[in-house]
Amino acid sequence: MEFKATLKQYQQQVEQALDLLLPPANTRPARIHEAMRYSLDAGGKRLRPTLVLLTAELFGSSADQALPAAVAIECIHTYSLIHDDLPAMDNSELRRGKPTNHIQFDEPTAILAGDALLTYAFELLAKHYCEDASLATALVLELAKTSGSTQLIGGQMEDILGERSQYSEEQIEFIHLNKTAALLATSFVMGALVAHASPEQIAVIRDLGTQVGLAFQVTDDLLDATSDSATIGKTVGQDAAADKSTFIGIVGLDGARQRARELTDRAVELYQQLPAESPFLLELIRKLEHRSK
Ligand code: IPE
Ligand code: IPE
Ligand code: MG
Ligand code: MG
Ligand code: MG
């Protein structure tokens, strides 16, 4: 099947599961459940949950088995975006082609919707994997570590600290690694955990996911600098406006493009070390380097 059609199938599978597994919008208090669903339903590429499903399949599990983990990671990712967009953070008004959560609702609701999605992710994991207690624990540990103060939140902290100051390449790499690459790597790892991959296989897939994640953030910064809101569905030019240190500031646009290419090549090399093949996953990794949104 053609690449785009296959990708759409995975996205639809994720979206059906999101609808099924999130509390209905009319659950009391309706406002919080509407706000949670608003940002989830707004769309997005569904990259992380798709990677969970693909990796689970790669290591011999069914996508169905991995769906709750896929939804959990999309909840964490969406919470991180809602909070990232708040006036106290990046102060963005557009996300996934729609007004950001705090614009559509208000700041208190957006803060709570983010908190609720963060918490719900762990409820999903505990609930849906409880029959295999060691798997449930491994998934919770993996996602909690990645989302915590040394990784996703730590990356966001240094990102904010880096506004209006000149960061070194090492500091920018720390930010990319933690605010973005850690959760992307965890998407691969959670799929592998669901499929009971070996620790050695998980080490390779984590490394692969980290390279994909680093490339992803370099490209995100490139899009912020070169694209337009209508194409990417979110506010652009924000990094420059906030005087954020990025790779582009240090190595320029071409240097950043080259870096995304090198990271993608490294991910492809790691893919070749895997015990099984997923031509679609390989194509997805390659296509991310040239994504336009
Ligand atoms: C945006 O992630 C935030 C970053 C880590 C760069 P995505 O580009 O995956 O956002 P959605 O999910 O498609 O909206
Ligand atoms: C945010 O990075 C990464 C998160 C953990 C949310 P950005 O601030 O660059 O993400 P966008 O560009 O707003 O999506
Ligand atoms: Mg940010
Ligand atoms: Mg932002
Ligand atoms: Mg950005």
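The values are calculated or read from the model by the stated rules, or taken from the named source; none is laboratory data. From a predicted model like this one, the values you see are computed outputs, not experimental measurements. Heads up, the Cβs are rebuilt from the backbone with ideal geometry, glycines too, and the neighbour counts pull from every protein chain shown. Heads up: the accessible areas ignore ligands, DNA and RNA and are worked out on the full protein's heavy atoms, side chains in. Shrake-Rupley method; radii C 1.70, N 1.55, O 1.52, S 1.80 Å.
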Rounded to the nearest 500, what is the 222 nm mean residue ellipticity of the chain from helices alone, with -39500 (n - 2.57) per DSSP H run of 4+ residues and division by all residues?
-23000 deg cm²/dmol
Average accessible area per residue (Å²) across the range 16-119 - probe 1.4 Å, nucleic acids and ligands excluded
39
With springs connecting C-alpha atoms under 10 Å apart, model the chain as a Gaussian network and identify which of Ala241, Ala121, Ala63 has the largest mean-square fluctuation.
Ala241
For the chain, with only Lys/Arg (+1) and Asp/Glu (-1) charged at the beta-carbon, what is the dipole magnitude about the Cα centre, in debye rounded to 20?
520
When the chain is treated as a Gaussian network with springs between alpha carbons less than 10 Å apart, the largest mean-square fluctuation among Thr226, Thr180, Thr235 is found at Thr226
Full extension between Ala88 and Gln272 adds, at 0.36 nm per residue less the Cα distance, a length in nm of 62.0 nm
May I have the count of lysine pairs in the chain with C-alpha atoms under 23 Å apart, counting pairs 8 or more residues apart or located on different chains?
27
Heavy atoms only, 1.4 Å probe, whole protein assembly: order Val218, Val236 by accessible area, highest first.
Val236, Val218
Taking H placed 1.01 Å from N in the peptide plane, check which residues at least 5 places from Lys98 or on another chain put their amide H under 5 Å from its amide H.
none
The size of the Cβ-based charge dipole (Lys, Arg +1; Asp, Glu -1) of the range 199-293 about the Cα centre, to the nearest 20 debye, is 160
At least 20 Å along the helix axis (C-alpha) and Kyte average at least -0.5, DSSP helices within the chain:
3-21, 63-85, 107-128, 133-147, 199-226, 247-271
Taking only Cα atoms of the chain, radius of gyration then Dmax in Å:
18.1, 51
